[in-house]
Protein chains: 4
Amino acid sequence: MAGCPAPRRGRPRSAAADRAILDATRTALVEVGWSKLTMGEVARRAGVAKTTLYRRWAAKSELVVDAVAVLFDELELPDGGSLRADVEGVVLSFAALLRRPETKTALMAVLAESTTDEALRRRIRAAIVDRQKRLVLDGRARAQRRGELPPDSADPAETERVVDLIFDVIAGAVVHRSLVSDCPVDGAWAATFTTLLLDGLGSASAPRAGEPPGP
Amino acid sequence: MAGCPAPRRGRPRSAAADRAILDATRTALVEVGWSKLTMGEVARRAGVAKTTLYRRWAAKSELVVDAVAVLFDELELPDGGSLRADVEGVVLSFAALLRRPETKTALMAVLAESTTDEALRRRIRAAIVDRQKRLVLDGRARAQRRGELPPDSADPAETERVVDLIFDVIAGAVVHRSLVSDCPVDGAWAATFTTLLLDGLGSASAPRAGEPPGP
Amino acid sequence: MAGCPAPRRGRPRSAAADRAILDATRTALVEVGWSKLTMGEVARRAGVAKTTLYRRWAAKSELVVDAVAVLFDELELPDGGSLRADVEGVVLSFAALLRRPETKTALMAVLAESTTDEALRRRIRAAIVDRQKRLVLDGRARAQRRGELPPDSADPAETERVVDLIFDVIAGAVVHRSLVSDCPVDGAWAATFTTLLLDGLGSASAPRAGEPPGP
Amino acid sequence: MAGCPAPRRGRPRSAAADRAILDATRTALVEVGWSKLTMGEVARRAGVAKTTLYRRWAAKSELVVDAVAVLFDELELPDGGSLRADVEGVVLSFAALLRRPETKTALMAVLAESTTDEALRRRIRAAIVDRQKRLVLDGRARAQRRGELPPDSADPAETERVVDLIFDVIAGAVVHRSLVSDCPVDGAWAATFTTLLLDGLGSASAPRAGEPPGP
DNA sequence: TCGTAAGCGAGACGGTACGTCTAGTCTTTCA
DNA sequence: TGAAAGACTAGACGTACCGTCTCGCTTACGA
């Protein structure tokens, strides 16, 4: 954040209020859902005046983006020893995150708002989406060290295209399975999905030949 | 509606009102977005009283589901002559549908509402999601006829699992790319994605060996 | 007035709500005073929604004008048998009205608002001020019948000028004594004032010669 | 500035701030009216912190009393040579004062507040009302010197009663005519009013016999 | 053919939440 | 150490919709 050299006259903003507001937003989101989440209720729970809230966030959606962004940062990718294990791991931990009520409600709601709000779209990408790509980058680097994937292409743009694609496929599939198809993302599904991702449709359509998909 | 044996006394409901309401819902959705779409505004645009609207739909989300469901029925899968062509075709036509403002706004918004509303979730699946699976089933059957994919497994549940998986991967990837990553789904992306889907991560990561991904 | 030929579509306004609001306004005014009288509190006391209130009155001051106007209509002028008795009677009953907390508070407050609001000024004159002139007209007519005052001038404008003057002098003196000088308007003051009004400053300054000022 | 030995750690802007605040109060009062006059706005216009303002005046009404009190001190009563001329003079100059927007707005507003605030009532009397009685006393003394009025009664309380009465009648009539009846106080009205005051209702009702009321 | 039951428009109703504004108070930093 | 700047709590403001409820029609069926 390269130096905020403004001497900031007047009383500084309360960091405690910031924290209380974000906490209150998350708990309220779980209890009442997105559409009944009101700025007034968040303020009440945080023990803060509405003006304090509006001084920091102009709209409910921006507040919620910031409140849930931190949850996505909890995602990690422990080394499973193989590309397959790493993919299954990230699928399962992402699915676990999406099972939490505040996460799934908030994510879809702010995405819905963002379809007609360019600024919100940028904020979501910066606070949530782009930060998850590190998982794909990490897993890919590990697999390359293990020799499971070829090294990066000479063209950095080509590499970025592939990383983006893999990210969209994994995240998209998990989100669609969880929230649209409304089916559980369990070990069996993760295994089948990983097979499809690694080996393609031909192999996934006849998995019997190779390994069993179920646990 | 299979036998509505109630003699339906009194003045019958106006079919014209139904049509006007759904049309007004779609155009209003484009113009003002989900969160500013109000029942009163829909009624005003449809030239209808609010009571008439509430007599048919209990909530904004149900109305919107019905209003946009018909758009998804427009999706078709012309025979492209090969599995690869069919996949690329469905990806591009689904992406085109999601570029329409009313579709993307409505889809994400009702999905967001549905995270805390089981009845709405069922309605969305019935009116929108499940009807798209036919595209996967059609494409798969064609590919099997062409010999590009092995015939159905003996276990129908296994077949359903695979179809659901493919559906989640294709739809999820396109939705995520379009609405979350906010990047265009063009021919190049469709080609690379299809390669990944058909041949797996190993091939997609080094596509140079086989065919060029761009058009 | 005279015929409301509009067919009055939609649900008609509730007369009960009107009454409840005006009653609530008066009692709230007594209890909390003008500056702490809020539209929300009036609505709460009247058991009515704020919107119902704003549908009828655009501002607190207009509501209060209507609420207290009826109190001024209670003023009457019983025939005291002489001009002197009639003047003293109207002075004392007007003073009694101004002793009521809701009256004095409301009157001064709306007059203050009206100094920067032409519409409010008109409303006050129509609802409150002009209706009191009947007291002057009645008293004057009686005195003329008794021979205590000469008959009307041939010029109606001249008559109106005199009536307005007498009205301003009586009402102004009572209001100023009550609310500005903050002294009681009792029988003694009423008698002295009436002497001044009837006979002029010379007589009032030396009342000992004539009659005693006290009751 | 070499010889400015003031260490002045304390309050270097105190007197300037006072003046700036009172000036800002008056100009703001003219521009926005009483009910939209806010402490914050006065502070902003005066270039002063809100704290500085609250350190000196506890409430808006007290501030306004002090801000407009000085305007009332401008009233003077030049000797017109006769009681009639003096009365007409004071009526006209008081009316001119009440034509100024800040005066009339402020006067009625603080009087309205004072109906539920004893301390404010005292402050108004001390700062505004009582200081005007000197005009009545002066005029009366002059008239007595000229022989137009009898000398003071032996009883000082009786004298005070008469002075108060005259004050209430003159000030009340002018205020009522100006702010309640909302009619101009011009030379004609002043003449008619003075006739009534000096000679009583009988004469005023038939002024044709004596002198013409118009200018 | 006529009654009657439901649908229709309009719009008022009691509510909830909005986002803004103001009142006063409470820290900061500057001079 | 007082004044400016401005963040703080508290709560009213007037507006927008909500979903429900009269109203006075209109429309179609069935007796």
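The values are calculated or read from the model by the stated rules, or taken from the named source; none is laboratory data. As the structure is a prediction and not an experimental result, all values here were calculated from the model. Because the Cβ atoms are built from the backbone with ideal geometry, glycine has one as well, and the counts that use them run over all protein chains shown. These area figures cover heavy atoms from the full protein model, side chains too; ligands, DNA and RNA do not enter into them. Shrake-Rupley method; radii C 1.70, N 1.55, O 1.52, S 1.80 Å.
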Of all residues in region A:125-158, which are in a helix (DSSP H, G or I), touching a residue at least 40 places away in the same chain (Cβ under 8 Å) and either at the interface with chain B (Cβ under 7 Å from one of its Cβ atoms) or over 20 Å from the mean Cα position of the chain (by Cα) (or both)? A:142, A:143, A:146
Being open to solvent by 50 Å² or more (accessible area, probe 1.4 Å) and within 11 Å of DNA strand F (Cβ to nearest atom) narrows it down to one residue among B:38, B:116; which is it? B:38
Within region D:159-174, how many residues turn out to be farther than 18 Å from residue D:84 by Cα and either among the aliphatic types (A, V, I, L, M) or more than 9 Å from chain C (Cβ to nearest Cβ) (or both)? 2
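Quick one: would you say residue B:122 is touching a residue at least 40 places away in the same chain (Cβ under 8 Å) and part of a helix (DSSP H, G or I)? Step through it out loud before you land on a result.
Working: touching a residue at least 40 places away in the same chain (Cβ under 8 Å): no; part of a helix (DSSP H, G or I): yes.
It is false that residue B:122 is touching a residue at least 40 places away in the same chain (Cβ under 8 Å) and part of a helix (DSSP H, G or I).
Which of the following residues is more than 14 Å from chain C (Cβ to nearest Cβ) and more than 16 Å from DNA strand E (Cβ to nearest atom): D:75, D:83? Before you say what the answer is, go through the steps one by one.
Values: D:83 fails: more than 14 Å from chain C (Cβ to nearest Cβ).
Only one candidate passes the filter, namely D:75.
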Give all pairs with beta carbons closer than 8 Å in which a residue from region B:54-83 that is of a type in the set (S, T, N, Q) meets a residue that is open to solvent by 50 Å² or more (accessible area, probe 1.4 Å) and at pLDDT 90 or above; count only pairs at least 6 apart in sequence or on separate chains. B:82/B:146; B:82/B:148
Might you let me know whether region C:1-12 holds any residue that is within 16 Å of DNA strand F (Cβ to nearest atom), under 26 Å from the mean Cα position of the chain (by Cα) and either part of a helix (DSSP H, G or I) or over 20 Å from residue C:179 (Cβ atoms) (or both)? no
Which ones in region B:81-110 are under 20 Å from residue B:148 (Cβ atoms) and not polar (S, T, N, Q)? B:81, B:83, B:84, B:85, B:86, B:87, B:88, B:89, B:90, B:91, B:92
Just one of (1) farther than 29 Å from residue D:112 by Cβ; (2) of a type in the set (A, V, I, L, M, F, W, C); (3) at pLDDT 90 or above trips up residue C:135, so point out which. (1)
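Residue-wise test of (1) in a helix (DSSP H, G or I); (2) away from DNA strand F (no atom under 13 Å from the Cβ); (3) in contact with a helix residue (DSSP H, G or I) (Cβ under 6 Å, 6 or more places away or on another chain); (4) touching a residue at least 12 places away in the same chain (Cβ under 8 Å).
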| position | (1), (2), (3), (4) |
| --- | --- |
| B:16 | yes, no, no, no |
| B:31 | yes, no, no, no |
| B:34 | no, no, yes, yes |
| B:42 | yes, no, yes, yes |
| B:92 | yes, yes, yes, yes |
| B:102 | yes, yes, yes, yes |
(1) out of contact with any Asp or Glu (no Cβ under 7 Å at 6 or more places or on another chain); (2) in the same structural domain as residue C:182 (by TED's automatic domain parsing): which one isn't true of residue C:62, the others all being true? (2)
Kindly evaluate residue C:58 against the criterion of being open to solvent by 40 Å² or more (accessible area, probe 1.4 Å) and either at negative phi or under 14 Å from the mean Cα position of the chain (by Cα) (or both). yes
